[in-house]
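The values are calculated or read from the model by the stated rules, or taken from the named source; none is laboratory data. Because the structure is a prediction, the values reported are computed rather than measured. Cβ placement follows ideal geometry from the backbone for every residue including glycine, while neighbour counts extend to all protein chains displayed.
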Amino acid sequence: MPTSETNRRKVSMPFGAGPRLCPGRFLALDEMKMVISMLAKNFDIDRVDTPDNQAPQERLTFTMAPVGLRLTLHRRQEYA
Ligand code: HEM
């Protein structure tokens, strides 16, 4: 059965909904973009893998996290 547009939007509601909807959501989203841009600007990704080379599993606690995902970065040379 195809998923309706309404159901697709409800798949992820990290900031809640209704009268208790998170007032810090735009700050949080801006911070995420800043961290990702700073990482992308200053580091190269050398390696992304898992110990068994299978797709990482998701662990859902307070937030969702990948289990066993390894990421190796190295700082880019600064060009004058
Ligand atoms: C990734 C970051 C964040 C996530 C996932 C998140 C998530 C949430 C969620 C799910 C709620 C609703 C809780 C409920 O239903 O009772 C909430 C409420 C709230 N959040 Fe966030 N939040 C984040 C960042 C922030 C930031 C950066 C601020 C402030 C600078 C903030 C301030 C608040 C406040 C004050 C409430 C209570 C709103 C109320 O009860 O009326 N949050 N947040």
>> Only one of Phe26, Phe15 is among the hydrophobic types (A, V, I, L, M, F, W, C), in a loop (DSSP other than H, G, I, E, B) and within 16 Å of the ligand (Cβ to nearest atom). Can you tell me which?
In response: Phe15
> Among the candidates Arg47, Arg59, which residue alone is closer than 18 Å to Ser12 by Cβ and either free of Cβ contacts under 8 Å to residues at least 40 places away in the same chain or assigned to a strand (DSSP E or B) (or both)?
Replying inline: Arg59
> Of all residues in region 1-23, which are among the small types (Gly, Ala, Ser) and modelled with pLDDT under 90?
Replying inline: Ser4, Ser12
>> Looking at region 68-80 only, could you name the residues that are under 27 Å from Met13 (Cβ atoms) and either more than 14 Å from the chain's Cα centre (by Cα) or exposed (fewer than 10 other Cβ atoms within 10 Å of the Cβ) (or both)?
In response: Gly68
